[in-house]
1. Over the Cα atoms of region 38-121, how large are the radius of gyration and the largest Cα-Cα distance (Dmax), in Å?
2. Based on the Cβ-Cβ distance from R60 to M216, what FRET efficiency comes out when R0 is 22 Å, to the nearest 0.05?
3. Test of understanding: ordering V167, V86 by Cβ neighbours within 10 Å, fewest first, what list do you get?
4. So how many Lys-Lys pairs in region 49-124 land under 19 Å Cα to Cα, not counting same-chain pairs under 8 apart?
5. For region 114-225, what is one quarter of the convex hull surface built on the Cα atoms, given in nm²?
6. Based only on Cα atoms, what Rg/Rh ratio does region 151-211 have, Rh being taken as Kirkwood's radius?
7. Treat the count of other C-beta atoms within 10 Å as a stand-in for reagent exposure and order T41, T184, T93, T221 from fewest to most.
8. Which of the peptides 98-110, 67-79, 146-158 is most tightly packed, and how do the rest follow, judged by the mean count of other Cβ atoms within 10 Å per residue?
Amino acid sequence: MSFDIICNNCGAPSNPSTGVCPFCKSVMVSSKPSKESATVTRIRELYSKGKVDKALQMIRSAEEHKPKLLDNANFVILYVQILIEVDGPSSKTKSLIARCLLEQPDHAGLLEYLEIVDAESKLTKGLDDAGELELANVIRRSPKNVHALFLLGSHLFWVEKEQQRSVKLLERAYKQRPNFLRCTACLAALYVELGYPQFAKKLFRHCASLDSNKEMKKFFTNLVK
């Protein structure tokens, strides 16, 4: 069986059939069959395993040495996902998407991530602000979009202090992508506040295994003691 679609949400490969990812059920957009380069495949593998720092290094190198990749929607979406997970600058994510949209102006995945990045920049203190409403709209359309779930959930937790609403969103994001370090750490902190120390310690232990920074690894390890 040949594969010619990469899911923009979870990164899983699939053959063109119903137009819906068989893994996360997101709507998929068919494209011309193309074989992913070994470099991009390696970046995707690192990202999937939660090694986003290494994935970011490789994707920046790929951007520098193979700039034509920036016209590939799947590559750009992967780049944007990595930047979101390392809390990269929104100006970079927006410029990556805007450039690629010049070539593929109707690409659903690119448009969705542009909406997510734009919504993040509008988040402010105060319930139902423009950013929250935009992220909620994305989640209604794509209920398993990890990054929309995380951005809204983390905002509701840290800024709005809405624990019950945020825990539902963060748990959904964690279920889809347990190797998302920022999401895992945020959910663990929320479990501490909710009085679930055993759940929190399990997640902090996982954070320690994911984080490549020695100081942060030590920090998470100490939280388990």
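1. Cα-based Rg and Dmax for region 38-121 come out at 11.9, 34 Å.
2. 0.55
3. V86, V167
4. Step by step, the pairs that qualify in region 49-124 add up to 7.
5. Over all viewing directions, region 114-225 projects a mean Cα-hull area of 6.9 nm².
6. A ratio of 0.94.
7. The fewest-first ordering by Cβ neighbours comes to T41, T221, T93, T184.
8. Top to bottom by mean Cβ count within 10 Å: 146-158, 67-79, 98-110.
A short reminder: the numbers here are calculations on the coordinates, not readings from a lab. This one's a predicted model, so the numbers in the text were calculated from it and none came from an experiment. A quick note on method: Cβ atoms are made from the backbone with ideal geometry, for glycine too, and the neighbour counts reach across all protein chains shown.
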